[in-house]
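Asks: Here it is, the structure, as C-alpha cells.
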Amino acid sequence: MNPFKSFPQSKFEVVAPDGTVRSSGDGIFTGKQVVVFDSSLVVTAGDEIRRALPNGTEEAFEVRDPRYFDKFHGVDAHFQIDISPREP
C-alpha cells in the first residue's frame, strides 16, 4: 500500500511555455515540490504548474526539475517536481 495516497491532493494543469496545456492531474503540494502518482504525466523544466485555490484565485509555479521514480518498496511510481512560485 502506498503511504502517500491518503495525503490531500490538488488538481492542477501543466502549461507549456507557448501557453498550451501539456497535461493535468492531481498532486501533493509541499511548498517547494509537487508529488504526482500518475506516470503518464507530461512535464518538463520551464513549464508552469497552475492550480485553482478555494477562494477563486490561481497559483502558478515554474517547474525547475521534474524527476521520475519507479515503484520501490510499496511506494508507487511517481514524479517529484521541484517548483518555484511565479509572480502574478
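The values are calculated or read from the model by the stated rules, or taken from the named source; none is laboratory data. Source: prediction; values computed, not measured. Here the Cβ positions follow ideal geometry from the backbone for every residue, glycine too, while neighbour counts run over all protein chains shown.
Asks: Name, by its number, the condition in (1) of a type in the set (A, V, I, L, M, F, W, C); (2) under 12 Å from the mean Cα position of the chain (by Cα); (3) assigned to a loop (DSSP other than H, G, I, E, B) that does not hold for PHE7.
Replies: (2)
Asks: Look at region 39-58 and say how many of its residues are within 21 Å of PHE7 (Cβ to Cβ) and either modelled with pLDDT of 95 or more or small (Gly, Ala, Ser) (or both).
Replies: Adding up the residues that qualify gives 8.
Asks: Among the residues in region 46-62, are any part of a loop (DSSP other than H, G, I, E, B) and either in contact with a Lys or Arg (Cβ under 6 Å, 6 or more places away or on another chain) or under 12 Å from VAL14 (Cα atoms) (or both)?
Replies: From region 46-62, those part of a loop (DSSP other than H, G, I, E, B) are 46-47, 53-57; that's our starting set.
When the remaining residues are screened for being either in contact with a Lys or Arg (Cβ under 6 Å, 6 or more places away or on another chain) or under 12 Å from VAL14 (Cα atoms) (or both), the result is 46-47.
So far as region 46-62 goes, yes, one or more of its residues are part of a loop (DSSP other than H, G, I, E, B) and either in contact with a Lys or Arg (Cβ under 6 Å, 6 or more places away or on another chain) or under 12 Å from VAL14 (Cα atoms) (or both).
Asks: Next up: If you take the residues in region 1-38 that are among the β-branched types (Val, Ile, Thr) and surrounded by fewer than 16 Cβ atoms within 10 Å (Cβ to Cβ), which one is modelled with the lowest pLDDT?
Replies: THR30
Asks: Here's something else I'd like to know. It is to be established whether one or more residues within region 71-81 are exposed (fewer than 15 other Cβ atoms within 10 Å of the Cβ), part of a strand (DSSP E or B), of a type outside the set (Val, Ile, Thr) and touching a strand residue (DSSP E or B) at 6+ places or on another chain (Cβ under 7 Å).
Replies: no
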